[in-house]
């Protein structure tokens, strides 16, 4: 400090001291940029070895995670200043390790290891690294890395815009003069407030999720076989997950970070990948994301937490790949979930719409199997995978049980039925409070799942919630599944959250819930979650 201050005035001394204190604070927090720490402490040879070590660690980390660079090398033109030729533009190729580490090849034959903040070329190690301003500006190879990253980001965002435009065009166009079997209309293609149109789409669900004639509640052999299958790893699929009706969905992924720097790195990569609307956190429920994911602040998640709200998604490869990639990036940058984090699911209400009896059936499923919903919601696939132990539900503070004494007596409207389900609280496990306040395509929110960064668990939770919604729409009095949706007055058949059940009684109740779902695909998803959760 004394050698730095020697020969300068008191004002300059104060500014230098403040700058050094800020750098020291960043070092203590682990947020200092590398050039701040090595600018004057290393020889050129040491700087070069340090950069090589950083690149090597990044490469080994990619191998450890079984991740190879997914982007093709990118060639960009970088300005090069020469005493004889002035400023010229030189093609430079970036060969990726990850977004912050690369090998950079210049037209003159040089090949250097480059990070966001350093390079092994002589221009950086000998000259620029000794000057903080020049170090931040970077050599031409560092500038090439930044330009290439920006180009990849723009390419990806443009590709996503084109994909969204094609999806919108596909869902907006209905091929005329075709039979029902040829056309396969979905909820995205019809006016789902028209009952006849809606029933045509629900017929697709009934065909794709046809009951196989098995009663799990009565067939011990089938139950044992199902459990054995559910103990295996979940097969993540990219299409034909939700029964073919085209109902839209969305999710909220709530996470925590240990510090602001890891959160900022995650935000930056999500933005560079073309997934989010911007590289910063937004206000809670800050409006439409124009088809992009929205990182939002949430007061319940503390200083560094946040929720990542998806755009409207469809049962197609693009949507499932987005979920997979978002969770991968968040995990890579240190995000995790705790007891404050939920994994909320939003489903379009097209299957139910204005039919009161469908909302009544949904509520009957809820009160009949409430305890099972919380148990499935408490699934922790990561813990089960590593230790064999199930997860624990985070509690009902932000996912309250359905109201006691719930009933639909009298000639009530669907809007009144929805009001009774949530009882005016958006924190109920079935949140219906926004449906009648929303224009366009409103959704019901399933709030009982815990938060997770396992895309496979997210898919299983979406699949079960989607099955509950559709089965509530298609089960009729007299159908085999109707016997397993107990009436509100049959309280002895209910499994409410606060009810005490022996392990045998709880298993019996869950097997009856599987008979509500009544198809192999959704029974497997529910059992997979049930084995991995507790309340």
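Just so it is clear, none of the values below were taken in a lab; they were calculated from the coordinates. Note that the structure is predicted; figures quoted are calculated from it, not measured. Backbone-built Cβ (ideal geometry, glycine too); neighbour counts: all protein chains shown.
Here are the numbers for this structure:
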| item | result |
| --- | --- |
| Label point distance in nm, residue 52-residue 434, each placed 7 Å from Cα along Cα→Cβ | 5.4 |
| Most to least packed among 511-518, 472-479 [average Cβ atoms within 10 Å] | 511-518, 472-479 |
| Förster-model FRET efficiency, 51 Å R0, residue 220 and residue 425, C-beta, rounded to 0.05 | 0.80 |
| Cα gyration tensor category, rounded, prolate or oblate, for the stretch 393-519 with a/c compared to 1.5 | rounded |
| Ranked by how many other beta carbons lie within 10 Å on average, peptides 90-96, 424-430 from highest | 90-96, 424-430 |
| Chain lengthening between residue 108 and residue 534 when straightened (0.36 nm per residue, less Cα-Cα) | 147.1 nm |
| Length gained when the stretch residue 489-residue 476 is fully extended (0.36 nm per residue, less Cα-Cα span) | 2.9 nm |
| Where labels lie 7 Å past Cα in the beta-carbon direction, separation of residue 232 and residue 324 in nm | 1.8 |
| Relative packing of 114-122, 387-395, 224-232, which averages over residues the other C-beta atoms within 10 Å, highest first | 114-122, 387-395, 224-232 |
